[in-house]
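Encoded as structure tokens, the structure appears first; notes follow it.
The values are calculated or read from the model by the stated rules, or taken from the named source; none is laboratory data. In this text, all values refer to a predicted model and were calculated from it rather than measured experimentally. We place every Cβ from the backbone using ideal geometry, glycine too, and count neighbours over all the protein chains shown.
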Amino acid sequence: MFKESFMSQEQAKIFLEKMKSDDAFREAVIRIEDVDTKIEYINRNGFSFTSDELEVATFSMID
């Protein structure tokens, strides 16, 4: 379980980096208003993590 959670947190960090560096990807994510559709789009682009893991990744990147 720990390894799976760590991998998901790493994916969340990579997602955040892509949001910073890829304007087209960021704009596409931002434009999608429906949460389920947004999650589907993010998953189709190779990312898989929970909102909690994203929050942990966000805070770890701020430090």
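Some points to look at:
- The stretch 32-63 - residue that is in contact with a helix residue (DSSP H, G or I) (Cβ under 7 Å, 6 or more places away or on another chain) and charged (D, E, K, R) and, of those, farthest from Glu10 (Cα to Cα): Lys38
- Within the stretch 40-55, being surrounded by fewer than 16 Cβ atoms within 10 Å (Cβ to Cβ) and either of a type outside the set (S, T, N, Q) or in contact (Cβ under 8 Å) with a residue 40 or more places away in the chain (or both) holds for Glu40, Arg44, Gly46, Ser48, Thr50, Asp52, Glu55.
- Of all residues in the stretch 20-63 being part of a helix (DSSP H, G or I) and polar (S, T, N, Q), the one that is modelled with the highest pLDDT: Ser21
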